[in-house]
1. In segment 86-103, what residues are more than 8 Å from the ligand (Cβ to nearest atom) and not hydroxyl-bearing (Ser, Thr, Tyr)?
2. Yes or no: segment 194-207 includes at least one residue that is closer than 27 Å to THR249 by Cα, crowded, with 17+ Cβ neighbours inside 10 Å, touching a residue at least 12 places away in the same chain (Cβ under 8 Å) and away from the ligand (no atom under 13 Å from the Cβ).
3. If you scan segment 139-164, which residues turn out to be out of contact with any helix residue (DSSP H, G or I) (no Cβ under 9 Å at 6 or more places or on another chain) and within 12 Å of the ligand (Cβ to nearest atom)?
4. Could you count how many residues in segment 99-129 are among the aromatic types (Phe, Trp, Tyr) and over 18 Å from the mean Cα position of the chain (by Cα)?
5. Of the residues that sit in segment 67-124 and are open to solvent by 50 Å² or more (accessible area, probe 1.4 Å) and acidic (Asp, Glu), which one is modelled with the lowest pLDDT?
6. Just checking, how many residues over segment 135-155 are in contact with a Phe, Trp or Tyr (Cβ under 7 Å, 6 or more places away or on another chain) and either among the basic types (Lys, Arg) or surrounded by fewer than 21 Cβ atoms within 10 Å (Cβ to Cβ) (or both)?
7. Does any residue in segment 281-303 that is at positive phi come within less than 7 Å, Cβ to Cβ, of a residue that is within 11 Å of the ligand (Cβ to nearest atom) six or more places away or on a different chain, and which pairs are these?
8. Right, ILE11: out of contact with any His (no Cβ under 6 Å at 6 or more places or on another chain), in contact (Cβ under 8 Å) with a residue 12 or more places away in the chain and within 16 Å of the ligand (Cβ to nearest atom) or not?
Amino acid sequence: MASRIDRNQPIIVCGGGGFIGGHLVADFLKQGYKNVVSVDKKPLDGWYQVHRGVTNLGGPKGDLMNLDVCRKVMKGRAGAKVYQLAADMGGMGFIETHKAECMLSVMINTQMLMAAKEVGVDRFFYASSACVYNADKQRNANVTALKEEDAYPAMPEDGYGWEKLFSERMCRHFREDFGTQARVARFHNVYGPFGTWEGGREKAPAAICRKVMNAKHTGKLEIEIWGDGSQTRSFMYITDCVKGIQAITNHDTFVEPINLGSSELVSINQLVSIAEDIAGVKLARKYKLDAPKGVAGRNSDNTLIQKVFGWEPDTRLADGMAKTYEWIEGEYLAKYGSGKKFVEFNYHDKGHDSKGHGKNGTAKKPAKSKPAGKKPAGKKKSKSR
Ligand code: GKE
């Protein structure tokens, strides 16, 4: 059962300047939604995608750490669908070293729930994470896929995972006590074009693509892999994520947190091999055993999503990685050119700032690529109120 589709309904995407939010906004536009609001505290020229035909609220007007801003965003938008994806986050190199900053995102979740409750919304989607799952269930690379009930008893990823688990709970209680129609998905490592690929916040798929292409373009045919490469994960391609978010949000009766991830388990060594095949190179592998590793193994049990929606994320990793590699290579070549050496981010480097940016200093704002047909950020007149 899914809620009625009304293309004039207000759609509010919090974190619309980020990777998943930018794709979600694009998808609503494609479907013909006319009243889409994209909110992000980054100034517009730092957004991964800026879409025309959308109310784009960037910079201070999009800073949801401020309750007044949350209320302004919601004002006059009763009956909206709200997609809460705004968070200070990143891959293992970031979340292991920025726990307090990750936990502060709880402010955004709290305040957006409050503001949504005050005006009355149709739906409130919250982007949770597989990082909520009990660490004891993820101690082997040969992991048993995680079922939704494996979040309890609670022993989530320190910092980031606790924030996600707490916020899931808050969604539940807003729904039970105030009737706010909250829905929660637990994302498993999402990747694809228009995402972070350098600077310290990138996750393994983008990092491995970058490292492999850097080796190829510089001719230094080696790669540094964090950990011993035996860690396992599943990676979800962005289009599957966008589809799943909407299915979960629109469901009328299924309200519990649910896995949204691929069940195609690979080791990090296999992920490197996939990227090598795409690039047409074979690299000498060096293992950095003291780098951030996270859990030994993590996979998504998709029994529940299959049962409720008759579907699960199904893009093959090799296909998604090929598209991701192609996009990152365009960014890489535009920025560094072929043959120039990119200085790899070192997470121990005291030179990195609190946002996880490396010495390259290149990721202060994301690459300026915009989807075809979109005006480059900063050159368009913002429709910000
Ligand atoms: N980021 C990164 N960069 N990871 C690398 C690299 C590299 O160059 N080389 C090997 N790895 C290894 C990491 O050590 C880790 O064991 C694995 O790849 C995956 O790292 P990741 O993609 O950064 O993040 P995780 O899957 O461990 O954790 C992420 O899980 C998501 C939910 O499934 C979190 O960072 C969250 O972004 C998110 O909640």
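The values are calculated or read from the model by the stated rules, or taken from the named source; none is laboratory data. Note that the structure is predicted; figures quoted are calculated from it, not measured. Counting neighbours? That spans all protein chains shown, and the Cβs are built from the backbone with ideal geometry, glycine included. For accessibility, only protein heavy atoms count, side chains too; no ligands or nucleic acids. Shrake-Rupley method; radii C 1.70, N 1.55, O 1.52, S 1.80 Å.
1. ALA86, ALA87, ASP88, GLU96, HIS98, LYS99, ALA100, GLU101, CYS102, MET103
2. Within segment 194-207 (the criterion being closer than 27 Å to THR249 by Cα, crowded, with 17+ Cβ neighbours inside 10 Å, touching a residue at least 12 places away in the same chain (Cβ under 8 Å) and away from the ligand (no atom under 13 Å from the Cβ)), the answer is yes, since at least one residue qualifies.
3. ALA141
4. 0
5. Per the criteria, the residue is GLU96.
6. Residues meeting the conditions: 1.
7. GLY294/MET92
8. For ILE11, the condition - out of contact with any His (no Cβ under 6 Å at 6 or more places or on another chain), in contact (Cβ under 8 Å) with a residue 12 or more places away in the chain and within 16 Å of the ligand (Cβ to nearest atom) - is not met.
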